[in-house]
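Remarks on the structure that follows.
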Amino acid sequence: MADLDHRHVEPPYLRVMSSYGPPGGESSAAVWDFRLVRPNREQVPGPVNHSLEHFLGAYVRRKHPTIMNVAPMGCRTGLYVWTIGPWTIDALADVLASGLRAIGEAEAVPLANVIQCGCAHYHSLQGVKELAAQLLRHRAGWSDPGPDAHEVRERDLFLL
Ligand SMILES: [Zn+2]
């Protein structure tokens, strides 16, 4: 698995970025790319990104012990999701969609307090509700990174 050429993708989408396991054996862990907005053209606002991390991180830790974590990308266009064991894209997408639906009904961001968070004021409940609703509206297309998406080619890397 290689990274996609970020110029051509159409988020939101979910895909395996890399998988890990013993040589010759089945993969036993994976890192997923849950891309939320278009790279280099949009960014999730910082407080929204932070609240999304809290919501989905808390949700998967509570309900799915084989999802190790959900964490925002530094570029603020997506989330990394770490899984252990066999996960299909459909199964993982269902879990993430359930977590996003729960945000719509929430009255507070989980763990957004000075005891459990390093920047407890840096959250946006309203913003994360809007982002979750927007992602869910596009749920049917999460398995497709876009008609022009392709993996990074070596000749493109030389340009960078
Ligand atoms: Zn925090």
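The values are calculated or read from the model by the stated rules, or taken from the named source; none is laboratory data. In this text the structure is predicted, and so the values were computed from the model without any measurement. Please note: Cβ atoms are built from the backbone with ideal geometry, for glycine as well, and neighbour counts cover all protein chains shown. Just the protein is used for accessible areas: all its heavy atoms, side chains included, with ligands, DNA and RNA removed. Shrake-Rupley method; radii C 1.70, N 1.55, O 1.52, S 1.80 Å.
Residues that are closer than 24 Å to M68 by Cα and open to solvent by less than 90 Å² (accessible area, probe 1.4 Å), at least 3 per element: which helices (runs of 4 or more DSSP H) completely within the stretch 78-160 meet that?
Here the list reads 89-105, 125-137.
Looking only at the stretch 97-130, count how many residues are among the polar types (S, T, N, Q), farther than 14 Å from V48 by Cβ and away from the ligand (no atom under 15 Å from the Cβ).
1
Can you run down the residue pairs with Cβ atoms below 6 Å, 6 or more apart or on separate chains, where the first is in the stretch 101-120 and within 23 Å of R139 (Cα to Cα) and the partner is near the ligand (Cβ under 7 Å from one of its atoms)?
Close Cβ pairs (under 6 Å, with a partner that is near the ligand (Cβ under 7 Å from one of its atoms)) amount to V109/H54.
Quick check, is P72 within 29 Å of S28 (Cα to Cα), open to solvent by less than 60 Å² (accessible area, probe 1.4 Å) and at pLDDT 95 or above?
Yes, satisfied.
When only residues in the stretch 50-79 that are polar (S, T, N, Q) and closer than 16 Å to F34 by Cα count, which is nearest to the ligand (Cβ to nearest atom)? Give the derivation first.
Of the residues in the stretch 50-79, the ones polar (S, T, N, Q) are 51, 66, 69, 77.
Applying the additional criterion that residues be closer than 16 Å to F34 by Cα yields 51, 69, 77.
Details: S51: 8, N69: 13, T77: 19 Å.
That would be S51.
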